[in-house]
1. Quick check on this structure: which one of B:GLY220, B:GLY191 is at positive phi and either away from chain A (no Cβ under 14 Å) or touching a helix residue (DSSP H, G or I) at 6+ places or on another chain (Cβ under 7 Å) (or both)?
2. Restricting to the stretch A:5-50, give me the number of residues that are without any contact (Cβ under 8 Å) to a residue 40 or more places away in the chain and closer than 30 Å to A:GLU253 by Cα.
3. Regarding B:LEU84, is this residue surrounded by 14 or more Cβ atoms within 10 Å (Cβ to Cβ), more than 8 Å from chain A (Cβ to nearest Cβ) and modelled with pLDDT of 95 or more?
4. Of all residues in the stretch A:335-391, how many are not in a helix (DSSP H, G or I) and not acidic (Asp, Glu)?
5. Return the residues of the stretch A:94-120 that are within 7 Å of chain B (Cβ to nearest Cβ), surrounded by fewer than 22 Cβ atoms within 10 Å (Cβ to Cβ) and not in a helix (DSSP H, G or I); say none if nothing qualifies.
6. Count, please, the residues in the stretch A:186-215 that happen to be within 16 Å of B:ALA254 (Cα to Cα), in a helix (DSSP H, G or I) and at the interface with chain B (Cβ under 9 Å from one of its Cβ atoms).
7. Looking at A:ARG3, is it out of contact with any Leu (no Cβ under 8 Å at 6 or more places or on another chain) and surrounded by 24 or more Cβ atoms within 10 Å (Cβ to Cβ)?
8. Within the stretch A:315-327, does at least one residue satisfy the condition of being under 14 Å from A:GLY271 (Cβ atoms), buried (at least 24 other Cβ atoms within 10 Å of the Cβ) and at pLDDT 95 or above?
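The values are calculated or read from the model by the stated rules, or taken from the named source; none is laboratory data. In this text the structure is predicted, and so the values were computed from the model without any measurement. Backbone-built Cβ (ideal geometry, glycine too); neighbour counts: all protein chains shown.
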Amino acid sequence: MSRRVVVTGLGAVCGLGLDWQTMWEGLVEGRSAVRAWQPPGVDDFPVKYAAPVDDAAFEARYGAGDGMDRPMERRVRFGLAAAAQALADAGFAETGAPARTGTAVGSGVPERDPYELLHAVGEDGQPSWATLYADRAALDRASGLFCTNDALAAGIAARHELRGPALNFSTACAGAAHAIGHGFRMIRRGEVDAMLVGGADSVLNLPTMTGLLLLGAPSTSELFGNRLCRAFDRDRSGLVAAEGAAMLVLESEESARRRGARILAEVAGFGSSLDAYQVTAPHPEGHGAALAMSRALADAGVEPDRVDSVNAHGTSTPLNDPVETRAIKDVFAAGEHYRRLAVTANKTMLGHLIAAAGAPELIATVLSVRDGVVPPTLNLENPDPACDLDYVPGSARQQEVSVAVSNSFGFGGLNASLVVRGYEQ
Amino acid sequence: MTALDTVLLTAPGVCTAAGTDPAALWEALLAGKDTSGPSGIPEGPATGTAFLVDDPDAAALGVHRRVLRTSEKQARLALYGARLSLAGPAAHGPVGGPGWGLYLGLPTVDEELLRFGALDRLRRVAGSPGEVAALYAREVPPFSGLSHLNSTAAAHVSAVFGLSGAMAAYSPYSDAGLQALIDGVLSVAEGENEAALVGAVSPKVHPLLFVQYEELGWNGVVPGEGAAFLLARRHGTGPAGDAPAVRLAGYGRAFGADGDDRAGAIADAVRAALEMAGTDPGGIGWILPDTVWTDSGARAQDAALDRVFGGAAHRPPAFTGERATGVLGPAHPLAHTVLALHGLAGNRRLVADGDAVREEELPVPRVLVLACGVRGQVCSVVLEGVVE
């Protein structure tokens with residue numbers, strides 16, 4: 001059995017807004033969610049900018065009811081809100097979800113409380129696990145020791161009574177893209193009729209950001225203010241971390257048409273790969289990235305010269321952007337088609353949602369196809385000779401987008417690409 | 001013939017407290033050998049015994065020592081399990097390349113960021129967030145951003161063995177191991193990979209893990225450490241000979257949050273696997289259920305098996321390897337898959353008889369393996385004996 005898979009619902013919570021419509025409006029208008037940021041109470045943390053969710057607005061909109069007041073990680077809160085939004089957007093409240101509906105999400109490392117291990121220090125000043133265990137009732141249930149990677153997928157499935165498979169993908173910054181790709185495959189092969197797919201993450205806490213900082217991943221520059229995320233620019237200096245969630249409802253064409261659902265676009269292909277190179281750097285020739293894109297196109301049965309746009313991973317790191325450029329040029333080499341691609345880097349506006357990143361970027365890809373507009377790559381002011389594609393700098397471009405590719409490449413060379421095309425009956 | 005029929009699961013690589021050989025695991029279970037030892041955990045639900053394995057060093061892994069800086073014990077166990085699995089295929093031809101994929105079941109990494117030696121300083125500066133940040137910058141291990149990221153295990157295995165095919169990694173509980181098995185086999189069946197290394201590792205036995213487990217309802221089942229790997233490859237593409245192999249004849253996946261809903265989900269997943277395998281409860285010769293570590297989950301699994309197999313004329317015996325391995329998290333169902341492969345190859349099964357274990361003939365060459373995630377995720381597979 002091989003069925004077509006369509007997108008029928010969207011949900012997003014991110015620095016650009018608390019629903020997918022606001023996020024898309026921000027992307028098209030070239031607004032940036034990047035702002036001055038420090039861990040709570042700290043004023044000299046080396047990382048000065050991030051793209052956080054507006055907590056007050058989130059609380060006002062999603063904080064009450066449906067158990068949202070229970071202790072839970074930020075990523076789970078954001079993910080539950082985005083999932084509810086996507087399921088409502090798909091019209092399941094009116095028609096009911098198909099009986100065989102599952103859940104697949106990508107998540108990263110559990111959130112950490114910098115003070116959690118103080119519970120291990122006894123009155124004598126000596127730390128011990130026995131002391132921590134004895135004081136376990138006082139530990140924060142919303143972070144650190146009680147956080148597990150399956151909490152979001154299982155939470156969504158339980159809350160919305162989705163009895164299909166519930167999966168959590170752990171593939172670093174490609175987690176959401178893998179979740180979406182595997183959800184797509186499960187529908188295509190007939191295992192389920194619909195999947196709630198996406199990702200949620202929040203690394204904006206001191207311990208996790210310190211770990212990233214020590215790897216040299218985030219930019220510590222103060223030169224560009226909120227124009228710091230500069231994918232493909234000569235002066236890019238590292239990723240700008242973000243938090244949030246995005247979810248999509250994928251559905252078999254048959255199920256969507258039977259429900260009379262609004263169809264936004266078709267997910268046509270998925271490809272993944274490993275760099276098989278180094279844990280600390282992408283393959284310098286972009287072999288893994290190119291393999292993922294090529295496999296996704298082959299999976300979709302789409303020739304490279306039919307692609308109009310690439311939603312790039314585009315992290316604004318010194319290593320990723322030229323490597324991704326090279327991989328795009330390899331995949332779209334025939335007839336130098338890469339010269340005709342509109343390549344966009346949403347992270348210049350959203351920041352890097354880490355494990356969730358692939359989900360808002362796939363939503364942007366879907367809406368690019370639906371609306372015929374490619375969001376811009378912001379802050380591309382000084383071109384890097386090693387990054388010589390058309391990155392749609394500065395402002396959005398109205399153009400027909402029949403087929404688009406969305407890329408997500410994780411730490412250690414864990415890669416995923418998705419192909420989206422306009423839906424035609 | 002379905003696409004699944006074209007794929008073999010072979011080349012078992014297992015590392016548990018019972019050793020690194022499937023036959024040794026089988027024999028340990030049969031002999032009732034005590035492979036447990038002190039857990040090293042001072043207080044809490046896991047106090048007492050555990051089934052621990054040594055942390056593999058660079059020499060055992062065949063890697064440069066710098067790999068140890070960016071890995072935690074569970075990533076090193078993944079490398080070790082992968083090495084054990086790929087040793088046989090590597091002796092007969094090249095391993096790796098763009099046609100070789102990787103599918104892993106991985107626990108969350110449970111490890112403190114600040115070592116105990118820094119906690120006194122943390123306490124002294126706790127009122128000053130700026131000084132806390134400075135302390136973290138000084139004391140957090142420089143590669144913790146990688147070693148605490150569970151998917152780094154996939155990056156290491158990929159880099160060491162040159163696997164650049166299609167991939168996925170799942171976490172954090174036992175269902176993750178079977179998700180990896182199912183999708184790894186499907187990746188070969190659907191032509192995405194020529195071969196796929198499928199594996200899973202346990203969490204390391206660590207005090208933080210059991211604070212978390214207790215919150216989720218841990219019932220005191222003894223924890224273990226280990227890894228289990230297999231290779232999914234096409235029929236006829238491996239070495240000639242009598243390498244034991246099984247095929248994934250059917251699978252089912254579902255979710256049920258709790259109580260009767262969970263039992264229903266498990267029963268649905270088992271029935272789906274049986275239906276895909278073209279068989280019924282009478283066509284199963286051995287059941288390797290999950291060692292579910294919450295009482296409610298264990299009750300749900302028992303109820304589900306009663307629903308599906310209660311009416312069978314000869315109900316197949318259920319057996320778990322926990323008495324020689326402990327509970328292995330994501331690696332548990334894959335260790336069971338290795339046991340199934342061993343049993344199917346010799347047409348034997350293990351049957352618990354009180355505290356004793358006996359071996360008997362396997363009446364039909366099909367084994368059911370189950371995995372139940374702690375929050376209600378369910379996977380089941382039917383494995384069938386194959387002679388290549």
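1. Values: B:GLY191 fails: either away from chain A (no Cβ under 14 Å) or touching a helix residue (DSSP H, G or I) at 6+ places or on another chain (Cβ under 7 Å) (or both).
That would be B:GLY220, the only listed residue that is at positive phi and either away from chain A (no Cβ under 14 Å) or touching a helix residue (DSSP H, G or I) at 6+ places or on another chain (Cβ under 7 Å) (or both).
2. Final tally of qualifying residues: 4.
3. Values: surrounded by 14 or more Cβ atoms within 10 Å (Cβ to Cβ): yes; more than 8 Å from chain A (Cβ to nearest Cβ): yes; modelled with pLDDT of 95 or more: yes.
Yes.
4. We begin by selecting, within the stretch A:335-391, every residue not in a helix (DSSP H, G or I); these are A:341-346, A:351-353, A:357, A:372-391.
The next check asks that each one be not acidic (Asp, Glu); those that pass are A:341-346, A:351-353, A:357, A:372-380, A:382-383, A:385-387, A:389, A:391.
Total satisfying the criteria: 26.
5. Result: A:TYR115, single match.
6. 1
7. Details: out of contact with any Leu (no Cβ under 8 Å at 6 or more places or on another chain): yes; surrounded by 24 or more Cβ atoms within 10 Å (Cβ to Cβ): no.
Judged against the criteria, A:ARG3 is not a match.
8. Filtering the stretch A:315-327 down to residues under 14 Å from A:GLY271 (Cβ atoms) leaves A:327.
Then keep just the ones that are buried (at least 24 other Cβ atoms within 10 Å of the Cβ); that gives A:327.
Adding the requirement that they be at pLDDT 95 or above leaves A:327.
Among the residues of the stretch A:315-327, at least one is under 14 Å from A:GLY271 (Cβ atoms), buried (at least 24 other Cβ atoms within 10 Å of the Cβ) and at pLDDT 95 or above, which makes the answer yes.
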